[in-house]
Each structure stands twice: as structure tokens, then as C-alpha cells.
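Report on the following structure.
The values are calculated or read from the model by the stated rules, or taken from the named source; none is laboratory data. These figures come from a predicted structure and were not determined experimentally. Note: ideal-geometry Cβ built from the backbone for every residue, glycine included; neighbour counts use all protein chains shown. For accessibility, only protein heavy atoms count, side chains too; no ligands or nucleic acids. Shrake-Rupley method; radii C 1.70, N 1.55, O 1.52, S 1.80 Å.
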Amino acid sequence: MDKIKNILLLFILVLVVIIIGNYVHLYLTKRGIDYENMDTYSKINKGNLAILIEVDKKQLYVVDLSSNKLIKSYVIATGKPDSPTPLGTFQIIEKARWGGGFGSRWMGLNVPWGKYGIHGTNKPGSIGFNASGGCIRMRNKDVEELYSMVGHNTIVTIMNGDYGPFSYNFRNLRPGDRGA
């Protein structure tokens, strides 16, 4: 009978140690972490976001359309003079995790005259310059953050480039040409 009481007492003590240990562990791991504001971008309604790109300033802005507030801005690279970034209003129609020269993420735009998108790069020194084949180039860490913030059908407005309908002049397009 004493043996059964000892085993029962030992079982209860182990159970108490496990329960108290879990509470101590939870207290120590949650201490100092602000769980309310930990993942700010996941609280934003992706359907209310739009992207504004100013080619001349080499800036990409994420705007919350419901509050008309700027959420984030990034420095970008845009198209070279012989392959300019297309101007206009488009939508993100494709999202992928590419690699190589396109960096870690790709967001394709519905530009009717070519394959253009917002992507990362393996040449971070090109950011801030006219360096791409017309696409919007971003640092990989920046494009990964943007990729997680926006969804398919996000509106992308690209403006203030060197070539556009109300700029210096029009370019004659021939079959197979790329760019604006």
C-alpha cells in the first residue's frame, strides 16, 4: 500500500512540475514581445492597396486606397533609354518565386505589348539607375516584402518616365519591339 501511495505522490509531483514548467516557459518567451503589432503588413487589406511608380524619381510607393496613406516606399531601378519602362496603369497578373537575374520574386504586369514586371535582382548596385530592360528592379529584401503585401490584381500606376504620350516625342513601334 505504501508503494502505491509513493507512486501516486511521485506522479502528482511530476505533473505539477510539468504544468508549472510550461507556465514559466510561456512567461519567459512572451516577455518583451509586442504580439499586437508584430506583423503589421498582414493586418492591411490587400484589396485596398495600390502601387505608384515614379520613373524619374526611381521610387515605388505602396498606397492604402481606403485611407489615402503611404504605407511604404522603395528605391528602384527602371528601364534603360533603349528599353524604357512602360508608362500607364496596369495590374499584377502573375506572382512567382523566380531566381537568377530576376532575384527572388517576380510580379508580372498586364502590359499588352510585352512581358514586364516588378522583380528582384542579383545586381543590387543597379538600384537607383536606368539599368533594366524595362522592368521595375528592386533589392531582393524589398521585393520579398512587397510580394507579401500585395496580391493579384493590385493596381500599378507607372508615371513620369522619359517616354510617354505627353512627353518629348513618340517612338515608332515595329513588330518585335519592346518598351513604351
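Here are some residues: GLY125, GLY117, GLY134. Which one is more than 16 Å from the chain's Cα centre (by Cα), open to solvent by less than 20 Å² (accessible area, probe 1.4 Å) and farther than 21 Å from ASP64 by Cβ?
After ruling out the rest, the residue left standing is GLY134.
Checking the conditions here, which among GLY161, GLY100 is more than 19 Å from ALA50 (Cβ to Cβ) and modelled with pLDDT under 95?
On inspection, the qualifying residue turns out to be GLY100.
Of the residues PRO112, PRO86, which single one is assigned to a loop (DSSP other than H, G, I, E, B), surrounded by 12 or more Cβ atoms within 10 Å (Cβ to Cβ), on the phi < 0 side of the Ramachandran plot and not β-branched (Val, Ile, Thr)?
Of PRO112, PRO86, the one residue that is assigned to a loop (DSSP other than H, G, I, E, B), surrounded by 12 or more Cβ atoms within 10 Å (Cβ to Cβ), on the phi < 0 side of the Ramachandran plot and not β-branched (Val, Ile, Thr) is PRO86.
Give me the pairs, please: first residue somewhere in the range 141-153 and under 19 Å from ILE127 (Cβ atoms) and part of a helix (DSSP H, G or I), second residue anywhere and hydroxyl-bearing (Ser, Thr, Tyr) and modelled with pLDDT under 95, beta-carbon distance under 8 Å, and either six or more positions apart or on two chains.
VAL143/SER104; GLU144/SER104; GLU145/TYR41; MET149/TYR41
Return yes when ARG97 is touching a Lys or Arg at 6+ places or on another chain (Cβ under 7 Å) and open to solvent by 30 Å² or more (accessible area, probe 1.4 Å) and no when it is not.
Spelling it out, ARG97 is indeed touching a Lys or Arg at 6+ places or on another chain (Cβ under 7 Å) and open to solvent by 30 Å² or more (accessible area, probe 1.4 Å).
Between a first residue in the range 103-114 that is within 15 Å of ILE92 (Cβ to Cβ) and a second residue that is assigned to a loop (DSSP other than H, G, I, E, B) and open to solvent by 10 Å² or more (accessible area, probe 1.4 Å), which pairs have beta carbons less than 8 Å apart while being 6 or more apart in sequence or on different chains?
Qualifying pairs under 8 Å: ARG105/ARG97; ARG105/TRP98; TRP106/ARG97; TRP106/TRP98; GLY108/LYS115.
So, of the residues in the range 47-66 that are open to solvent by 50 Å² or more (accessible area, probe 1.4 Å) and small (Gly, Ala, Ser), which turns out to be farthest from GLU145 (Cα to Cα)?
The qualifying residue farthest from GLU145 (Cα to Cα) is SER66.
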